[in-house]
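Report on one structure; see the data block that follows.
The values are calculated or read from the model by the stated rules, or taken from the named source; none is laboratory data. Here the structure is a predicted model, which is why all the values come from computation and not from measurement. Virtual Cβ from ideal backbone geometry, glycine too; neighbours counted across all protein chains shown.
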Amino acid sequence: MQTSRDLRELLSRIDRRSYPAYKDTRGSWQFPGYVLSIDHVQGDPFAAPSQLHVQVDGRTAGFPPALYRLPCQRAALQDQLTRRFGALAAQFSYQARGSGHSGLISVSRCGQEVLERTACRLDPGTGAVLLRLEVGFPANGRTINARELEKILFDLLPRCVEGALLYQSWAPEKLRAAADLAEDQLYIRQRLSALGLCAFVADGSVLPRESGVSQRPMKGAVAFQSPPELAVELDLPHRGKLRGMGVPRGVTLIVGGGYHGKSTLLKALELGVYDHVAGDGREYVITDPTAVKIRAEDGRSIQNTDISLFINHLPNGKDTAAFTTQDASGSTSQAANVSEALEAGAQVLLLDEDTSATNFLVRDELMERVIHRDMEPITPFLHRVRELYEVHGVSTVIVAGSSGAWFHAADRVIQMDRYTPKDITALAKREAAAFPLAGDPLPPAPPPAFARRPKPGRAQEGDRVKIRTQGRDSVSLDRETIDLRYVEQLVDSEQLSALGYCLLYAQRQLLDGRHTLQQVVDALEVLLDRQGLEALCPGRAGVPALARPRRQEIFACFDRWRGLDL
């Protein structure tokens, strides 16, 4: 392996030459205490920055194995290292000057959730640390400015490595606290099923966010306090006793006046499928990891999906057990979203009246008198919500404020009153008894059929396919865009990048016309578990910035891929 001295001499030789000469820097270089690898060199200073990675061996890094004994602890430690490195890089970025992206030093920007990322990897066997970053190689116009790159690689970058990737630079209690929090969060998640819960919200949690563009906790917000009837006390491995509200399995209705915190609570439950960092306010809001937010998506495509649980006997005679459309209505899209969530293994459905199609949720008695059931193809969700739990074992948490019919279906009714939850189940049931539902209960529907088999993919091994994302809105494979705006549990654009690579990998390796969509996603999950996100993009000069999506979002991406032949 070449040394840092060799790299310095190379930079001296190529200084002031044309920009493509930077490509001679590709390869691995031994620096004191770590190896620097230059994986991909940008074509010019205005192109996407160059991709590098730093590897520190376990003995030099020195992180105690107790900090990453469990996978969740390892993810938390990697998250901490990425955040610290990113903070240092932000201080040094653009200190080396030039045209275009010259002087940029950046790593993945972590949000409030702890996600598995390609940005940082800690080997559980050796303790070695690998961190990936981007650097804008400096230039004046399109002429190499090697002295500025030397400043980055020999001064600024070593300071980032020393400050973030060596245990000796950390306050041990900070890393210990992150590892302990991760283990406590795992403990709660594992206890939900045994306690008959689909979610837990700790007392003292801060649920409101700072603003519509900031996920930090709101200052001065009302701290969450469980109603006595729903209080659960847990004995965590590290924090000890923790009291909070248990959301029981079954059908839970959240009601209350406008601006009292109904949707805020549901949003916290929706994102409780992820662990959150200390100080977020939702560290101990833990939801069943399979939970899926269901909403209307006017105009989305649906392919060969069984929506017969909710829609039947269409006037045009279309088969709703294998329904296809390129422009779904709100109610049809929401019916498909429920069926697809069940196919993806969801055990909890989360719905908000504000983002649902009204005619999908409920039909009142007067409407049913005027337009009889026999004339309406849509079976409202209200009439299936009990069946989903009692027959299929799928719980529902729904926010509603416009129809008291939900009181009949709910096992628990929680009123949000100035951001404080109250259990009003007894009152709601008593009042509902005076307003019985009209009509006979519907007989159970046949279970949805999940046997969709994608046809062979078009992309072959060796084909060049560009993957682009638009924030958290969409991912594109070449010119084909998958709209993911309404898949609300995607929290990071790097998850969308990973979804793009999942689709491309599936096209090349898994879509053969014989395997069901469930089997395809199973294979992707096994690949990610065994080999990590890097396995999605073999043969690339540099590994892109990816964050792992859940199984449910992988399904959601396939379901919205108009180019997939199901």
When the residues of the stretch 62-118 are filtered to those that are hydrophobic (A, V, I, L, M, F, W, C) and under 19 Å from the mean Cα position of the chain (by Cα), which remaining residue is nearest to residue 128 (Cα to Cα)?
77
Of the residues 222, 201, which is at pLDDT 95 or above, among the β-branched types (Val, Ile, Thr) and assigned to a loop (DSSP other than H, G, I, E, B)?
222
What residue, among those in the stretch 117-135 that are touching a strand residue (DSSP E or B) at 6+ places or on another chain (Cβ under 7 Å) and part of a loop (DSSP other than H, G, I, E, B), is farthest from residue 21 (Cα to Cα)?
128
Check on residue 435, in a loop (DSSP other than H, G, I, E, B), assigned by TED's automatic domain parsing to the domain that holds residue 316 and in contact with a Phe, Trp or Tyr (Cβ under 9 Å, 6 or more places away or on another chain):
yes
Of (1) among the charged types (D, E, K, R); (2) assigned to a helix (DSSP H, G or I); (3) at pLDDT 95 or above; (4) in contact with a His (Cβ under 9 Å, 6 or more places away or on another chain), residue 374 satisfies all except one. Which?
(3)
Within the stretch 73-93, can one find any residue that is buried (at least 16 other Cβ atoms within 10 Å of the Cβ), at pLDDT 95 or above and acidic (Asp, Glu)?
yes
Tell me the strands (runs of 3 or more DSSP E) entirely within the stretch 455-566 that contain at least 2 residues that are in contact (Cβ under 8 Å) with a residue 24 or more places away in the chain, surrounded by fewer than 22 Cβ atoms within 10 Å (Cβ to Cβ) and among the basic types (Lys, Arg).
none
Exactly one of (1) polar (S, T, N, Q); (2) free of Cβ contacts under 8 Å to residues at least 60 places away in the same chain; (3) not in a loop (DSSP other than H, G, I, E, B) is unmet by residue 396. Its number?
(2)
Helices (runs of 4 or more DSSP H) (entirely within the stretch 137-197) containing at least 1 residues that are surrounded by fewer than 19 Cβ atoms within 10 Å (Cβ to Cβ), of a type outside the set (Asp, Glu) and without any contact (Cβ under 8 Å) to a residue 60 or more places away in the chain:
146-151, 172-191
Can you tell me which residues in the stretch 286-313 are among the basic types (Lys, Arg), surrounded by 21 or more Cβ atoms within 10 Å (Cβ to Cβ) and in contact with a Ser or Thr (Cβ under 8 Å, 6 or more places away or on another chain)?
300
Of everything in the stretch 312-343, what is in contact with a helix residue (DSSP H, G or I) (Cβ under 6 Å, 6 or more places away or on another chain) and at pLDDT 95 or above? Give them in sequence order.
331, 334, 340
